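Reading through the structure tokens given below for one structure.
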Amino acid sequence: MIDVTDATFETEVLQRSMTTPVVVDLWAPWCGPCKTLGPIIEKVVDETNGQVVLAKINVDENPGASQAFRVQSIPAVYAIKDGGIVDGFMGAQGEDAIREFVATLLPSVEDLATAELLAAGDEASLLQILEADPGHPEAVTMLAALYVETQRFDEALALLARIPESDLTRQLAAQARLGAEAAAGEHAETEARLEALLDQVKGDDDARQEFVDLLEVLGAEHPNTALWRRKLSTRLY
């Protein structure tokens, strides 16, 4: 159990719920039903051994969180997964009802099996996940990274096409298109290649794609990346 404030709500509830379901108990010291419900929720959630987290929010001290849930009365309890509300109820409930509520948040047998395969992280394990769920984002990116590392670039690109684009997929795709030698190059070599491509980017689609891929490999943290992006924009527009 954690006591959450307006200041910690983003981290302790929304961000945490991306990996572990969070039960939010909105209560106040003057609320009689809250005193009855609170210990029941604490007991049931504690029995999940960390598979579900309980976040208690005192609405008197944390009006921001209360407003976020548009609370009309308390006790109010919400289940949060992947940053969003998936279930909830108001008023006191018995232990059986609370157990049913929390049980819906527990990982299924399939979820646990997938987690074990992801933890193994080898090609056979990741392929097993993708046989059941061809678009599993984490399995796709992990396997694509393995394929890039072993220079199976076409296979990596085909895999990445299954899922929506993200910062990670863009970087992996760039590495696959560039090939091992360019993707593993030193930053000085990468910037030298960017300079060589600069005059070609406006009229040559292949040169422009290579330039963009090299920027992905260079990385957003590199101090010259923003400069090269400005140079590209100047040449194109």
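The values are calculated or read from the model by the stated rules, or taken from the named source; none is laboratory data. All values reported here derive from a predicted model rather than from experimental measurement. Virtual Cβ from ideal backbone geometry, glycine too; neighbours counted across all protein chains shown.
Miscellaneous remarks
- Residues of segment 125-184 that are in contact with a Ser or Thr (Cβ under 6 Å, 6 or more places away or on another chain) and closer than 19 Å to Leu218 by Cα: Leu168 alone.
- Of the criteria (1) outside any loop (DSSP other than H, G, I, E, B); (2) under 27 Å from the mean Cα position of the chain (by Cα), which one Thr36 fails: (2)
- Residue list for segment 146-164, restricted to those being over 13 Å from Leu178 (Cβ atoms), assigned to a helix (DSSP H, G or I) and of a type in the set (Gly, Ala, Ser): Ala158
- Sole exception among (1) modelled with pLDDT of 90 or more; (2) out of contact with any strand residue (DSSP E or B) (no Cβ under 6 Å at 6 or more places or on another chain) for Val86, by number: (2)
- Hits in segment 1-21 (condition: aliphatic (A, V, I, L, M) and either buried (at least 21 other Cβ atoms within 10 Å of the Cβ) or under 29 Å from Leu112 (Cα atoms) (or both)): Met1, Ile2, Val4, Val13, Leu14, Met18
- Checking Val24, Val45 one by one, the residue that is in a helix (DSSP H, G or I), buried (at least 18 other Cβ atoms within 10 Å of the Cβ) and aliphatic (A, V, I, L, M) is Val45 and no other.
- Members of segment 211-222 found to be out of contact with any Ser or Thr (no Cβ under 7 Å at 6 or more places or on another chain) and closer than 14 Å to Leu236 by Cβ, listed by number: Phe211, Val212
- Selection of segment 201-226 for residues being among the hydrophobic types (A, V, I, L, M, F, W, C) and over 29 Å from the mean Cα position of the chain (by Cα) yields Val201, Ala207.
- Scope segment 48-81; condition farther than 11 Å from Trp27 by Cβ and in a loop (DSSP other than H, G, I, E, B); matching residues: Thr48, Asn49, Gly50, Gln51, Val52, Arg70, Gln72, Ser73
- Among the residues making up segment 82-115, those that are assigned to a loop (DSSP other than H, G, I, E, B), under 23 Å from Leu130 (Cα atoms) and in contact (Cβ under 8 Å) with a residue 12 or more places away in the chain are Asp82, Leu106, Pro107.
- Of all residues in segment 185-197 being surrounded by 16 or more Cβ atoms within 10 Å (Cβ to Cβ) and farther than 14 Å from Thr225 by Cα, the one that is modelled with the lowest pLDDT: Gly185
- Unique match (being farther than 20 Å from Ser73 by Cα, among the acidic types (Asp, Glu) and not assigned by TED's automatic domain parsing to the domain that holds Leu118) among Asp46, Asp25: Asp46
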